[in-house]
1. Calculated from DSSP H runs of 4 or more alone, at -39500 (n - 2.57) each and per residue, what is the 222 nm mean residue ellipticity of the chain, nearest 500?
2. Could you point to the label whose value was computed as semi-axes √(5λ) of the Cα gyration tensor in Å for the structure here, given (1) 34, 21, 19; (2) 41, 21, 17; (3) 30, 24, 19?
3. Could you tell me which residue out of Ile343, Thr121, Ala329 lies farthest along the dipole of the chain toward its positive end? Charges go on the beta carbon: Lys and Arg +1, Asp and Glu -1, centred on the Cα centre.
4. How far, in degrees from 0 to 90, does helix 160-172 lean away from the longest principal axis of the Cα atoms of the chain, to the nearest 10?
5. Classify region 276-348: rounded, prolate or oblate, from the alpha-carbon gyration tensor (a ≥ b ≥ c, eigenvalue square roots; a/c under 1.5 rounded; otherwise prolate if a/b is larger than b/c)?
6. Test of the criteria: in region 304-341, which trypsin sites (Lys or Arg not before Pro) are in a DSSP loop and have at most 15 other Cβ atoms within 10 angstrom of their Cβ?
7. Give, as a single signed number, the net charge of other residues whose beta carbon lies under 12 Å from the beta carbon of Phe136, with Lys and Arg counted +1 and Asp and Glu -1.
8. Any idea what % of Cα-Cα pairs in region 129-182 are farther than 17 Å?
Amino acid sequence: MLIPSKMSGVVLTGHGGLENLQWRDDLPVPIPGARDVLIKVSAAGVNNTDINTRTAWYSKSDADAEDAGWSGTALSFPRIQGADVCGHIVAVGDQVDPERIGERVLIEPFIREANDETLETPWYFGSECDGGFAEFARVAAKHAHPVHSDLSDVELASFPCSYSTAENMLTRAAVKAGETVLVTGASGGVGSAAVQLAAARGARVIAVTSAAKADKLKALGASETLGRDDDYSAALRGELVDVVIDLVAGPKWPSLLEVLRSGGRYAVAGAIAGPIVELDVRTLYLKDLSFFGCTVLEPEVFGNLIRLIEQGDIAPVVAETYPLRDISAAQGAFGEKNHTGKIVLSLD
């Protein structure tokens, strides 16, 4: 295809409200470096990280936003966000096989190579570099994974960030068949992915969700559901779990450790109920618990995710679809938390 010099998309102009998301028709189309590919974006998912970055939620200081990127560093603006990307390769750099042009790909959101260099500290696609909320996106060829599936572009765009985050948590916690896994925030994008992926490993899954969403989570593979306000120990009738996959934290956090068996594992990749928790260190060492903070993907995770998609072992959960131009409405709906699965922005 003929690559234009300008494209349309949404830029984040600074930390703050939805007014800082601006539609532009004059954005320069990125030029691929020697080891890059240029992707015509078809669809891009909405994530907590998009909102957290915009609102400076990652900052530990109320005085400024110098540490408001997911990696604890300042962002440069304007920035094209968007980590969940499905699209087709339309151009390649000098060191990339031109046979890759035309491939449908998913972008691995944690970037270890950019600007033809290996990064000492990984970047997050759409944070330290421009992402997929525009017609075209550039990424190192190694992070553009071919995917062969009958699923639509919108359905495929629901996978990269949420499912790779969930698979990474399960990988770090070494979840295996026959174990019992408790998943908090189970109706969200990462949570619903964790339910499916843990069940695909042969684990018994207990999902924490609202009563209105319990049946949906059971359809995804949960054996049992608990209410968000339940007393977990009482609701489980004394049963202990092997692994907690936590996306919530907040005031009920100590009860998650209470229901872990001796030698249990706790993995966390979110804190939507609040990042500050109370830890009785005696619980940690007397129960021989292992804690895993999970952000950067283990090297094998994204390839494993592509394999699961292509084999049909996991299914997309798309709650709603919006045109990219309606990103403010999409993020507003995302914030209401009435959906199960992913909200996806379409560029077609």
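Only the coordinates and a few stated rules stand behind these numbers; no lab work does. Just so it is clear, the structure is predicted and the values come from calculations on it, not from any experiment. All Cβ positions, even for glycine, are placed from backbone atoms using ideal geometry, and neighbour counts span all protein chains on display.
1. Calculated from helices alone, the mean residue ellipticity at 222 nm is -6000 deg cm²/dmol.
2. It is the one labelled (1).
3. Sorting the options by dipole projection puts first Ile343.
4. So the helix axis and the longest Cα principal axis differ by about 40 degrees.
5. Oblate shape, in that a/c is at least 1.5 and b/c is the bigger or equal ratio.
6. Answer in residue order: Lys337.
7. 0
8. 57
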